[in-house]
Amino acid sequence: MAVAGLGTLARHLAMQNQMTSVKSDFNRLGQELASGLKSDIGASVGGDFRALNDIERQLTVLDSYDQSTLDAKLFTGAMQANLDRLHSMSANLANSLITTVSSGTAGAATTASDMAMQDFESMVDTLNGRSADKSLFAGAATDGAATIPASEMMTHLSAAVAGSVTMTDVITAIDDWFMAPGGGFETVGYLGSANQISPFQLSETESTSVQIKADNEEIRQLLRDTAIAAIANDPGLALNSTDKLALLDTSGKAMLTNQDAIIQSRANLGYSEERIEIAATGNAASRASFSIARNDIATVDATEVAAEFQAVQLQLEMVYTITARLNSMSFMDYM
């Protein structure tokens, strides 16, 4: 029969308290080792959370800047790709038109005009391109198309040139439709906003604006020049081959002349892209700095905690061993 005296009971109570304390340390260190975070951050900061809260706030602000920077990068990247497409199409078309004019054949003129029509449709589709959920060339009206479809635009242009007697009349009518204040393009062709898209906020001090819209002069000139070649086959005009070739020649030369304006727009956009990259690099550096500061406050030294955990594990095993021995003691152990 086991007999427990007051001294034995006291030892049992002491060992139970010891076991509770050691188990608490064991669980705490195990949690810190698994999560990498201090279990009592309040003790780490001496009860003053202001510095940690400020760091967390800065990291949250950086999250919003990172998203804005990503949106800006995607938007300007898509716009640059579309401008590159417009530039390439116009350069290739200009060279083809000038080559066609030098051949001087009616069949070649008809084919070149058909090709200009296809490129005109592609250009309009490109201007109505989107990045994610934003229209690229519609300014602040990012939820809708930048222009009416190419087919509708050509219908308006056919009406505008109806009754033209000379090639000059045709060119003047198309130029007025695209370029004149209050003309067809401004009133029915362009569907976007007169305002630019809101600037992208890249950091606390940096933002960038994209000021390229489908109603910019260089883009309207590009559409005008392409439309002049495309309309040469309009059955309502019934142009002879000489007049067709003259329209193609005017179109091709104008396109070549206006290449520099498109190149300048791309260069301006490239400057914005560079600023976005610089801002992204700066934000990444700031995030790294704040993250290090937060880690200094909130994270544990894994090597140190692992050593403490191992020591407490041995201590817990010892407590279990001693407790087991106390529980097995009887009166005969003292005889």
So T172, is it free of Cβ contacts under 8 Å to residues at least 60 places away in the same chain, in a helix (DSSP H, G or I) and in the same structural domain as Q67 (by TED's automatic domain parsing): yes
Answer residue from segment 110-135, given it is β-branched (V, I, T) and within 16 Å of G189 (Cα to Cα) and is surrounded by the most Cβ atoms within 10 Å (Cβ to Cβ) among those: V124
Count of segment 241-268 residues which are outside any helix (DSSP H, G or I) and free of Cβ contacts under 8 Å to residues at least 40 places away in the same chain: 0
Residue within segment 136-147 that is small (G, A, S), surrounded by 22 or more Cβ atoms within 10 Å (Cβ to Cβ) and in a helix (DSSP H, G or I) present: no
The lone exception for K213 - which of (1) under 27 Å from N95 (Cβ atoms); (2) modelled with pLDDT of 95 or more; (3) crowded, with 18+ Cβ neighbours inside 10 Å it fails: (1)
Neighbours by Cβ (under 8 Å, 6+ apart or cross-chain): first from segment 145-168, within 21 Å of T250 (Cα to Cα); second of a type in the set (D, E) and in a loop (DSSP other than H, G, I, E, B): S158/D234; V161/D234
Qualifying residue in segment 88-100 (condition: surrounded by fewer than 21 Cβ atoms within 10 Å (Cβ to Cβ) and either in contact with a strand residue (DSSP E or B) (Cβ under 8 Å, 6 or more places away or on another chain) or in a loop (DSSP other than H, G, I, E, B) (or both)): no
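Listed here are the residues, each with its yes/no results for (1) assigned by TED's automatic domain parsing to the domain that holds T187; (2) under 22 Å from the mean Cα position of the chain (by Cα); (3) modelled with pLDDT under 95.
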residue: N82; (1), (2), (3): yes, yes, no
residue: M89; (1), (2), (3): yes, no, no
residue: T100; (1), (2), (3): yes, no, yes
residue: M123; (1), (2), (3): yes, no, no
residue: A145; (1), (2), (3): yes, yes, no
residue: I148; (1), (2), (3): yes, no, no
Among the residues listed as T281, T257, the single one being assigned by TED's automatic domain parsing to the domain that holds L223 and either farther than 30 Å from M89 by Cβ or at pLDDT below 90 (or both): T281
Selection from segment 250-282 of residues that are buried (at least 19 other Cβ atoms within 10 Å of the Cβ) and under 17 Å from V101 (Cα atoms): T250, S251, G252, A254, M255
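The values are calculated or read from the model by the stated rules, or taken from the named source; none is laboratory data. This is a predicted model, so every value here is computed, not measured. A quick note on method: Cβ atoms are made from the backbone with ideal geometry, for glycine too, and the neighbour counts reach across all protein chains shown.
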